[in-house]
There are 4 protein chains.
Amino acid sequence: MRIPPIVINFKTYSEAVGDRAVRLAKVAVEVAEETGVEIGVCPAHTDLYRVARAVDGDGVLVLAQAVDAAEPGSRTGHVTPEMVVEAGADGTLLNHSERRMRLDDLKDVCRACMNEGLLTIVCASDAMAARAAGALQPHAVAVEPPELIGTGTPVSKADPEVVERSVEAVREVSEDTAVLCGAGITDGSDVRAAVELGSDGVLVASGVVLAEDPKEALLDLISGLE
Amino acid sequence: MRIPPIVINFKTYSEAVGDRAVRLAKVAVEVAEETGVEIGVCPAHTDLYRVARAVDGDGVLVLAQAVDAAEPGSRTGHVTPEMVVEAGADGTLLNHSERRMRLDDLKDVCRACMNEGLLTIVCASDAMAARAAGALQPHAVAVEPPELIGTGTPVSKADPEVVERSVEAVREVSEDTAVLCGAGITDGSDVRAAVELGSDGVLVASGVVLAEDPKEALLDLISGLE
Amino acid sequence: MRIPPIVINFKTYSEAVGDRAVRLAKVAVEVAEETGVEIGVCPAHTDLYRVARAVDGDGVLVLAQAVDAAEPGSRTGHVTPEMVVEAGADGTLLNHSERRMRLDDLKDVCRACMNEGLLTIVCASDAMAARAAGALQPHAVAVEPPELIGTGTPVSKADPEVVERSVEAVREVSEDTAVLCGAGITDGSDVRAAVELGSDGVLVASGVVLAEDPKEALLDLISGLE
Amino acid sequence: MRIPPIVINFKTYSEAVGDRAVRLAKVAVEVAEETGVEIGVCPAHTDLYRVARAVDGDGVLVLAQAVDAAEPGSRTGHVTPEMVVEAGADGTLLNHSERRMRLDDLKDVCRACMNEGLLTIVCASDAMAARAAGALQPHAVAVEPPELIGTGTPVSKADPEVVERSVEAVREVSEDTAVLCGAGITDGSDVRAAVELGSDGVLVASGVVLAEDPKEALLDLISGLE
C-alpha cells in the first residue's frame, strides 16, 4: 500500500457529507478505474464506514481526516486508530492546519497508526514544520501553506520554494517519506508544477468537492501526472 | 422526543466498537421493548451510522458522544451537527469530562444542535459547573464528578450532595432542563438513589459496556426506576 | 473593592510592554487622581509586578489578563491565582475571546480566584455566553462580540441589543454581577451609550493603548460616565 | 551564550514564587560563583522581571517556563518572545510535558525566539519526540519521560536507553543541538549517569525547589559533572 498521488479531503463541506460522500467516493472509483491512477478519499468520521464499504478494493484508498491520540477505554468523543480500522479505512490525515495536534500527541498517534497498519499523512505549513513532521517518519508529509487553502491560487505556482524546500527538508530526515503538496490546487497544470518541484502528489479539497463536475475536475488533475 | 432515563456512553471501549457497537445497541433495543423504558446509546462517531440504522424507531435514541463547534465548509476532522443528523442520530453528549469544551464553543454548538433539532446533554463536574451548563438551557445536564468515573462507586451514594445541589442549581437557571447523574453507576439501587435525589435519570458506561451480561446489567439498572 | 467602570486591556501590544506598560499605568493614575474615577489596568503577566508596584494604592486596580486553572506544584508555564496575588494584582480578566477557557477550567479558576480575594471579570461573546458566565457568579461579565474587537466600531452603538440582552441575561442568573461591555469603544459617546444600555462600565484596549495621547483618550472615555 | 548544564524549573511551586523565587535564584548565583558552573533558572512569568534583575550577569541564565506562539498586538493573556526579552530573560523552556504545544505553534515560537536571540530548550517525552523536536534545530532538547517527573527515580538510571536513543535521535537531525535529560534527577550520581549516557546536562525541579537546603542540593548535582 502506498500513498496515492491524488488525495481528496472532503472536509466538513455539506456537498460531501452522508449520501453525497458516498456519491463523491464512487466518482473517485470511476476515475481510478478509467485512468489506473490510485486516489485517496478522506470523508468525515461519520461517513468512513459507508464510504469504505462503497469503494472497497476499487483503486480508491479511504483515509480518515484525523485520528485522536486516544487509547481504547474510558475516553469520550475520540476517534481511535482501532475505530478507523474497524470502519474499513486504510489510513488517515493527521495535523491538518484546521486540526493541528500537539507534537507529543502527533508522535503517539503516528506510532499507534503504524502499529495498526494505517497509512499516515502528516500535514505541515512550511519547510520547518515539514522537517519536524518528517522526523516522525510517517508515510507522507503534506505541505500546505494555510494562507493559500481554499484560494484557488496553487501553492505549486504561487510559492514553488516552499514545495522545493519542504521536499528537501523531509528527505534530510526521512528517506522513505513521500511529500504531497496542497492548498489552492485546482487543475492539471497545478499538479504538473507540483510534481516538477519534486512532490509525489497533491492534497486537494474544494477544487474537487465544490467542482460543478467532480469527475471532470479529477480527470483534469490526473492529466497533470502524465 | 425527551431525554431517556438511561443513557449508555460506549466511550472508546473496544468492547463497543464496530460490530460490537451494533450488537450492544441491539441489546438496548431488546431491553427497551421488554420494559417499555426508553434508552439512549452513545456510540463512537465512526459507528453512528451503523448503530442508527440498526436501532431505528425501536425505543432507543442514538446520541453522538460529542459534536464539534465547527460549521460546514473548510474544516478538517470535525464532526458537525449536520453530520450527526445525516448519520441518523437524535442528539449528542457535550462537554464530557473526557472531552471538555471551551465555554464559547459549547454555547455555539448547543445553539447549532438546537437548530438541527438534536437533543443536547451537557456534562458538568459539580454543581457550579452544572449551573453554568444549565444557563445554556440544553435538554439535560449530566452531573459526573470525574473522580468517580469508572470506579464502581456510585455518585448517587458516595456524593449525594453533589446530585442534590446540581439539581437545585440547574432548576434555578433553566426550568425545562432535565438532570442526569453519572459516575460509578452500576446497579438498580444506584439508579433508585439517583432518582430519589431528584435526578431524571443516569448516564452509565463501564457498568453496561464492560458487564459480562449487558442485558442483565441494563435490566438491573431499569429496576431502580420503578 | 469593586469593578472599575473603565478597564484597559494592554493585550500584547508592544506599545504597552515593559517600561511602556509602567508608563501607561502611570497615565491611568494621573487620570484617576484628576477625575476621581477608578480605572483598571491589565498588563501582561511579565509586567504585573512592575505595574502593581508603580501604581500601588492610587485609584488604579491592576488586573491580570488571564489566570490558568493550575494549582501550585508540578505545573510548568502556568500562572496561578497565587502568583497574581504575589505580584500585587487585585484581580484578573478571564476567558477573553483571545484566550477562551474550557467551561470546567473557568469554573475552577473563578472559584480559586474568589478564594484568593481576586476580582474576576469573565468575558463573553454574546448574551447566551454571558448568561453561562454570569451563572458562575463572578464580579463582572464583560460582553465583547469578537467581530467588533479592534474595529473602532463601538458595540454600544453597532449592536445595542447584545448589550441590553446581556445585561438582562446576567441579571437573571446573578444579581450581584456587574456587566461591562467592550469591543470598538473609543470615545466618551461610546461609553455613554454603553451606560445607557445598562452596563456598569467598559473594557477598552486599542482605543487607549494605541492612542496618540492616551491621557486625552482616557479623559474622553470618562466624560461619557457623567 | 550556551545551554547551562544545570537548569532548574521553578514550576508553579509555592516554594519558588515571588520573594521565594528571588531567594532561590540568588542561591543559584552563589553556587555558580563558588563552582564556576553556569546554572539556568526558570521562574514563573510573573517573577521573570524580578529574578532577571536579581541575578543579572552573575553566571546564572534566566529562562521563561514557556512562551506562547503569539505576536505583539491584539492577543490577551499571552507571553510573547518580546515580553520575555523585555523582562530580562535569556531564553525559554518550550513544550514541557505540563505545557505541550501544537507542532505548528512550537515551530513558530522557536523561530520567533531565535529572531529575538533567546535560547530555546524544547522538551520531549521520548526519542521519537526528541527527533521531531531536534528537527526544529533549537539550542537544546530536554528529554523527560513524563511518568518519571517528580518521582525521585532518575531517568538516567531508570531508563538509560531513552537517554541514549534521544541523544542519537537528536544528533541525526541537528548536530548543534544540545541534549539535556530530566525527570527524577536529585543528586550528583544521577547527573553523572546522565552525562555518561551522552547528555549535556540536566533539567531539574523538585529535587532543588523542594530540597530542605537548595544550595546543598545544587552543589551535590554539580559534583556529578566533574
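So residue D:142 fits all but one of (1) under 18 Å from the mean Cα position of the chain (by Cα); (2) within 17 Å of residue A:108 (Cβ to Cβ); what number is the exception?
(2)
Of these, D:77, D:150, which one is over 26 Å from residue D:26 (Cβ atoms), of a type outside the set (A, V, I, L, M, F, W, C), facing chain C (nearest Cβ under 7 Å) and not in a helix (DSSP H, G or I)?
Matching residue, one of D:77, D:150: D:77.
Please determine, by comparing only the residues of segment A:177-214 that are part of a loop (DSSP other than H, G, I, E, B) and touching a Phe, Trp or Tyr at 6+ places or on another chain (Cβ under 8 Å), which one is farthest from residue A:123 (Cα to Cα).
Selected residue: A:210.
Tell me which of these residue A:138 doesn't satisfy, since it passes every other one: (1) assigned to a loop (DSSP other than H, G, I, E, B); (2) buried (at least 24 other Cβ atoms within 10 Å of the Cβ); (3) out of contact with any Cys (no Cβ under 7 Å at 6 or more places or on another chain).
(3)
Listed here are the residues, each with its yes/no results for (1) in contact with a Lys or Arg (Cβ under 9 Å, 6 or more places away or on another chain); (2) on the phi < 0 side of the Ramachandran plot.
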site	(1), (2)
D:4	no, yes
D:9	no, yes
D:16	yes, yes
D:27	yes, yes
D:38	yes, yes
D:65	yes, yes
D:69	yes, yes
D:73	yes, no
D:84	no, yes
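Given the options B:128, B:83, B:101, name the one that is over 25 Å from residue C:114 (Cα atoms) and either among the hydrophobic types (A, V, I, L, M, F, W, C) or surrounded by 22 or more Cβ atoms within 10 Å (Cβ to Cβ) (or both).
That would be B:83, the only listed residue that is over 25 Å from residue C:114 (Cα atoms) and either among the hydrophobic types (A, V, I, L, M, F, W, C) or surrounded by 22 or more Cβ atoms within 10 Å (Cβ to Cβ) (or both).
Write out, first by first residue and then by second, each pair whose Cβ atoms fall under 8 Å of each other, whose residues are 6+ apart or on separate chains, and whose first residue, in segment B:127-138, is more than 12 Å from residue B:103 (Cα to Cα) while the second is of a type in the set (D, E, K, R) and buried (at least 24 other Cβ atoms within 10 Å of the Cβ).
B:128/C:107
For segment C:89-125, how many residues are in contact (Cβ under 8 Å) with a residue 60 or more places away in the chain, at the interface with another protein chain (Cβ under 9 Å from one of its Cβ atoms) and part of a loop (DSSP other than H, G, I, E, B)?
2
Residues of segment B:15-47 being aliphatic (A, V, I, L, M) and assigned to a helix (DSSP H, G or I), which ones?
Hits for segment B:15-47 are B:16, B:21, B:22, B:24, B:25, B:27, B:28, B:29, B:31, B:32.
Looking for something facing chain B (nearest Cβ under 7 Å), assigned to a loop (DSSP other than H, G, I, E, B) and touching a residue at least 12 places away in the same chain (Cβ under 8 Å) - is there at least one such residue anywhere in segment A:48-66?
Yes, segment A:48-66 has at least one match.
Give segment B:141-177 a look and list any residue that's modelled with pLDDT of 85 or more and among the hydroxyl-bearing types (Ser, Thr, Tyr), or say none.
Listed by number, the residues that qualify are B:153, B:166, B:174, B:177.
The values are calculated or read from the model by the stated rules, or taken from the named source; none is laboratory data. Just so it is clear, the model here is predicted, and its values are computed rather than measured. All Cβ positions, even for glycine, are placed from backbone atoms using ideal geometry, and neighbour counts span all protein chains on display.
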